[in-house]
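Only one structure is covered here, and it is reproduced in the block below.
The values are calculated or read from the model by the stated rules, or taken from the named source; none is laboratory data. Just so it is clear, the structure is predicted and the values come from calculations on it, not from any experiment. Counting neighbours? That spans all protein chains shown, and the Cβs are built from the backbone with ideal geometry, glycine included. Each accessible area value is taken on the protein alone, full model and side chains, heavy atoms only, with ligands, DNA and RNA left out. Shrake-Rupley method; radii C 1.70, N 1.55, O 1.52, S 1.80 Å.
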Amino acid sequence: MNKRIYERPLLRKVVEGIPNKFGSLKRLRPISTIDNVEIDSLIEEYGSPVFVLSEKTIRDTYKNAYRAFSTRYPKVQFAWSYKTNYLDAVCRIFHQEGAWAEVVSGFEYEKAIDNNIPGNKIIFNGPDKSEEDLVKAINNKSLIHIDHFDELYMILSLMDQLKERPQVAIRVNMDTGIIPQWDRFGFNYENGEAWNAINRILSSKKMDFIGLHVHIGTYITISKPYAVAIEKLAALANKTYNRFQKSIGYIDVGGGFASQNTLQGAYMPATDTTPSFDDYAHAITTAMTAADFPNNETPMLILETGRALIDDAGWLAGTIMANKRLADGRRSMVIDAGVNLMFTSFWYDYEIYPVHESSYQSEPTTIYGPLCMNIDIVRKNIDFPMLNKGDHFVIKRVGAYTMTQWMQFITYRPNIVLIDQNEKVHLIRKQENKEVFRRQELVPDYLQN
Ligand SMILES: *Cc1c(COP(=O)(O)O)cnc(C)c1O
């Protein structure tokens, strides 16, 4: 047994926070390992801060999600949402598990091809597809989810010069009860635009109309809107069949499942409120089986879940830079990772833990990042133990939208490591250095000296 640490007696003014509606906060237990790897040793070897991904958690989460849907519906396909985390190592783990790729730009499309995904297993979403992107996607028989009429016309204008028939679906937006309604992507259902798009696609006779897509929003904490969306898509599928005798191959319900990160201002912690994969799967597959699809066919169900599949697998370990008192006496702490790495801390109350037991006292604390920017706040208010400069911390659930939305502001982006299933550590993205910037920047001749 480890000897308990000695803490010298000390008198210190503690600005006590009032208990919140759940009573006083519990003391935070330290987290010192990730998949049995010491966080201290990760920081020592890979620097501070460092992002850490758990391959075991990624695979376990994926398997759980896939089980929830595939046990309830006969044809289920996941497509990994690249923008959620497009590190090649991460994408390849999902692809090994059986996920296709879901991309929203030419850059992501190229990444999917480089990750050896066959063209016909790449779903190409988003409002920003260039002519060059579309030619590639058509030639590779990728699943093009048309976002607007200008994209539809661009595809039609390419038809004379290409041999392949484009494989297209449309993205549909609709009122599902979710506010705000995401009506800026795709064709609207209620005003008839979606039906108009289908008519144009099928009467052109130049494309294969293969599916219907919807992505109603993100961090959707109730499953009912998915059922509403499926009903409306089924109605479109029937209308299409009645007019053109064509049945669609799949219904793609997009992403949007909430993760276990708590939103700022939420009444309860997300770990208590976020629906499980089984909850979502129950609502979605019930709607799919109840819907009356043309010809009694069973379309494939595609899911583009991002956040909920990867958030738990990501960690950010770092170091405390300083403790400070604010003007009103409140305690604050500066850490070496801020909103440059966790853009997402603008809306999540991230869980932050000490790596070692260092003090049994805690105090309401504001945690700031290292940037010279007033909005660089990682946690506005957390009851946090009195750590010292140089002590390590670790932040939980930073797998989604951090390593893609991070910004290179003031400082370099750090190393990212993956702990494999045998608890071996691999560097999967190198820390940036000045060479990265030298390579990108050009100094005009007259400024050389
Ligand atoms: C971002 C996005 C996803 C993933 O969304 P999550 O909320 O992370 O599950 C899926 N599909 C499309 C079209 C997206 O834009």
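Remarks
- Shape class for region 100-252, computed from the alpha carbon gyration tensor (a ≥ b ≥ c): oblate, with a/c not under 1.5 and a/b at or below b/c.
- Principal axis box of region 54-154, alpha-carbon based, largest edge first, Å: 42, 29, 20
- Under a 5 Å amide H cut-off, with hydrogens placed 1.01 Å from N, Ile170 pairs with Ile146, Gly211, His213 among residues at least 5 apart or on other chains.
- Per-residue HN-Hα couplings for region 436-447 [Karplus 6.51, -1.76, 1.60; θ = phi - 60°; Hz; x = Gly/Pro]: 4, 7, 4, 5, 8, 8, 10, 10, x, 3, 5, 9
- The amide H of Thr33, built 1.01 Å from its N in the peptide plane, has Ile39 as neighbours under 5 Å, considering only residues 5 or more places off or on other chains.
- In sequence order, calculated HN-Hα J values of region 321-328 (Karplus, 6.51, -1.76, 1.60; Hz; x Gly/Pro): 8, 6, 10, 8, 10, 7, 4, 8
- Surface composition of the chain: carbon and sulfur atoms hold 50% of the protein heavy-atom accessible area at a 1.4 Å probe.
- Candidates Lys75, Lys63, Lys163: whichever shows maximal mean-square fluctuation once the chain is modelled as a Gaussian network with Cα springs under 10 Å: Lys163
- Candidates per GluC sites (Glu not before Pro) in region 373-449, loop by DSSP, up to 11 other Cβ within 10 Å: Glu441
- Divide the volume of the convex hull around the Cα atoms of the chain by the residue count and you get 194 Å³ per residue.
- In loop segments of region 386-449 as defined by DSSP, the trypsin sites (Lys or Arg not before Pro) with at most 14 further C-beta atoms inside 10 Å of their C-beta are Lys389, Lys424, Lys430.
- Placing +1 on the Cβ of every Lys and Arg and -1 on the Cβ of every Asp and Glu, with no other charges, gives the chain a dipole of roughly 680 debye about its Cα centre.
- Candidates Gly254, Gly211, Gly98: whichever shows maximal mean-square fluctuation once the chain is modelled as a Gaussian network with Cα springs under 10 Å: Gly98
- Rounded accessible area per residue of the chain, 1.4 Å, Å²: 48
- Centroid-to-centroid separation of region 60-131 and region 206-252 [C-alpha atoms, Å]: 19
- Placed amide H near Asp376: partners under 5 Å, 5+ positions off or other chain: none
- Projecting the Cα atoms of His148, Ile123, Leu162 onto the dipole axis of region 55-164, where Lys and Arg carry +1 and Asp and Glu carry -1 at the beta carbon, places Ile123 farthest toward the positive end.
- Size of region 56-311 from its Cα atoms: along the principal axes, largest to smallest, the extents are 55, 39, 34 Å.
- Listed by chain and number, the lysines whose alpha-carbon sits under 29 Å from that of Lys141, ignoring those within fewer than 8 places in the same chain, are Lys63, Lys75, Lys83, Lys111, Lys121, Lys129, Lys163, Lys205, Lys206, Lys232, Lys239, Lys246.
- Taken as entire DSSP H runs, the helices of the chain that both span 27 Å or more between Cα atoms along their own long axis and average -0.5 or more on the Kyte-Doolittle scale are 224-244.
- GNM on the chain, alpha-carbon springs under 10 angstrom: the most fluctuating residue among Ile123, Ile170, Ile382 is Ile382.
- Beta-bridge orientation, the chain: approximately 45 percent antiparallel, per DSSP, counting only bridges with both partners inside.
- Computed [θ] at 222 nm, deg cm²/dmol, the chain (DSSP H ≥ 4; -39,500 (n - 2.57); rounded to nearest 500): -8000 deg cm²/dmol
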